[in-house]
Amino acid sequence: MTGPPIKLTLLAHSLRVGGAEVQFSALARGLDRQRFAVTLVSFYDDGALLDEVRDAGIPVVTAGKRGRGDTVGFALRIARAIRATQPDIVYSFLDFPNLVAALTWPLGAPCRIVWGIRASDMKLAERGRVWRAIFALERLTARRADLIVSNSWAGRDHLRRQGFPADRMVVIPNGIDTDRFQPRPDARSRLRAELGLANGDVAIGLVARLDPMKDHRTFLRAAAQLRDVRPDARFVCVGGGAADYAAELRAYADSLGLGDRVIWAGARADVPDVLSAFDVATLSSAYGEGFPNVVGEAMAAGLPCVVTDVGDAARVAGDTGRVVPVGDSAGLAQAWRHLADAGHDERRRLGQAARMSILERFPLQAMIEHTADQLAGLANGTAQTSSGAGRAVRT
């Protein structure tokens, strides 16, 4: 490489732990420092990932957003923060940061803008007026973005149908940290004892925040159906959420007679260890998924997966997993039963194949290198879209 590094400002809603935020942190830390000078700007001052970004020597600027009433002042702080970094490129992640990047661009520094979009069809009619308004504004301002990066083919196709500029889109699938997520047989006994799982239990695990899009109700209905034919099946839900919705789900589980068959593990910081306690991992989402990290992570941890056909879940699972229609509790139960009946050795073989699939198709470094090449191409005046055509961008 010749010349100075590309000045890249990453714009995030927060650095609290989530699928998109983990990918953003990994990208920030993984980019070649001789090729990119990276600064990260976050709306909020907190987040478990802040320290790991700072520890990697990356400057972090936080805008101290104070709620919905803090609009004009927040916009000015963001614009000043971006201008202070004098970026060649601003790369924003998720809907609200994308909108902020587009709307504050005239107040900030003249630069190229990249949007990161991490979901597919979010069923906005079910998400409320604020979500609908943000998406409508995002669609109206989409041509402010020089490049739109989707982490899934399903997400790209959804955006095209919604009128986003197809000539500015590229698909860069998520990358899975296969060092962090790998089989951990040494942790299995400890975690199963902590969760209250007996040696003979077949543990079916769902790692997902408590949110309607994750469709825990279908998961619970499937659990009730499997319980009748596999009394050794136990069901583990890992993830936090609003207290009232959590209580609603627990009451629903009780109404299905699941009792202590469901283990509500809450939010956990040790998900790589927790996965070792499972025999089967699952995704029951009804909508909104792009590239579901939890599927790739479970596969990297050596688990066979059963997923609903949402976003790119089927593409990620490939031929090592089983795919059922969205909302099909009977299909989920049947797929779980197939893996439960297959026995430990067959599940282990499928899990090994799943890990190899992630190592070959979705390694973390591939995501970082693909993103770096797109950003460098943009800085040099062209970007390679998913259609394979180069495109001139504004200066």
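Some values worked out for this structure:
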read-out: Average accessible area per residue (Å²) across the chain - probe 1.4 Å, nucleic acids and ligands excluded; value: 42
read-out: Separation in nanometres of the label points that stand 7 Å from Cα toward Cβ, at Arg66 and Glu346; value: 6.1
read-out: Computed label-point distance, nm, for sites Ala198 and Ser255 using a 7 Å Cα→Cβ extension; value: 3.0
read-out: Residues of type lysines that Lys123 reaches as a straight line, Cα spacing below 19 Å, ignoring anything fewer than 8 places off in the same chain; value: Lys214
read-out: Rounded, prolate or oblate (a/c below 1.5 giving rounded, otherwise prolate when a/b exceeds b/c) for the range 130-210 by Cα gyration tensor; value: prolate
read-out: Among Leu378, Val170, Leu140 - extreme Cα towards positive end, dipole of the chain, charges at beta-carbon; value: Leu140
read-out: Residues of type aspartates and glutamates that Lys7 reaches as a straight line, Cα spacing below 18 Å, ignoring anything fewer than 8 places off in the same chain; value: Asp32, Asp88, Asp146, Glu369, Asp373
read-out: Computed magnitude of the charge dipole of the chain (debye, nearest 20; Cβ of K, R +1, Cβ of D, E -1); value: 1120
read-out: Computed helical MRE - 222 nm, the chain, DSSP H runs ≥ 4 contributing -39500 (n - 2.57), nearest 500; value: -12500 deg cm²/dmol
read-out: Amide N of the range 319-338 lying under 20 Å from the label point, which is placed 7 angstrom from the Cα of Arg161 along Cα→Cβ; value: 324-328
read-out: Within-11-Å neighbourhood charge of Leu94 [Cβ basis; K, R +1; D, E -1]; value: -2
read-out: All-pairs alpha carbon distance profile, the range 292-374, 10 Å steps from 0, percent; value: 18, 46, 27, 8, 1
read-out: Net charge of neighbours whose Cβ lies under 12 Å from the Cβ of Val306, counting Lys and Arg as +1 and Asp and Glu as -1; value: 0
read-out: Rounded Å value of the spacing that divides the Cα centres of the range 143-180 and the range 2-64; value: 20
read-out: Listed residue (Tyr287, Pro4, Gly241) projecting farthest to the positive dipole end of the chain, Cβ model; value: Pro4
read-out: Using a Förster distance of 35 Å, the FRET efficiency for Asp46-Asp319 (Cβ separation, nearest 0.05); value: 0.25
read-out: Integer Hz, Karplus 6.51/-1.76/1.60 couplings in order for the range 271-278, x for Gly and Pro; value: 4, x, 6, 4, 4, 5, 7, 8
read-out: Derived scalar couplings ³J(HN,Hα) [the range 279-293; Karplus, 6.51 cos²θ - 1.76 cosθ + 1.60; whole Hz; x for Gly, Pro]; value: 9, 9, 9, 9, 9, 10, 4, 9, 6, x, 6, x, 9, x, 3
read-out: Net +/- balance of residues flanking Asp228 in space, Cβ distance below 15 Å, scoring K and R +1, D and E -1; value: +4
read-out: Segment Ala247-Val229, length gained on full extension (0.36 nm per residue, minus Cα span); value: 3.8 nm
read-out: Accessible surface of the chain, 1.4 Å probe, proportion on carbon and sulfur as whole %; value: 51
read-out: Solvent exposure ordering (accessible area, 1.4 Å, most first) of Lys7, Lys65; value: Lys7, Lys65
read-out: 5 angstrom amide H check on Val207, placed H, neighbours 5+ away; value: Val238, Thr282
read-out: Gaussian network model of the chain, springs between alpha carbon atoms under 10 Å - residue of Leu249, Leu206, Leu99 with greatest fluctuation; value: Leu249
read-out: Dipole of the chain, positive end: most advanced residue of Ala224, Gly318, Ala342 [Cβ charges, Cα centre]; value: Gly318
read-out: Percent RCO, i.e. relative contact order, over the chain, from Cα pairs under 8 Å lying at least 6 residues apart; value: 16
read-out: Prolate/oblate/rounded label for the range 252-395 (Cα gyration tensor, a/c 1.5); value: prolate
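The values are calculated or read from the model by the stated rules, or taken from the named source; none is laboratory data. Note that the structure is a prediction, hence the values are computed from the model and not measured. Every residue, glycine as well, gets a Cβ built from its backbone with ideal geometry; the counts of neighbours run over all protein chains shown. We work out accessible area using only protein heavy atoms, side chains counted, and drop any ligands, DNA or RNA first. Shrake-Rupley method; radii C 1.70, N 1.55, O 1.52, S 1.80 Å.
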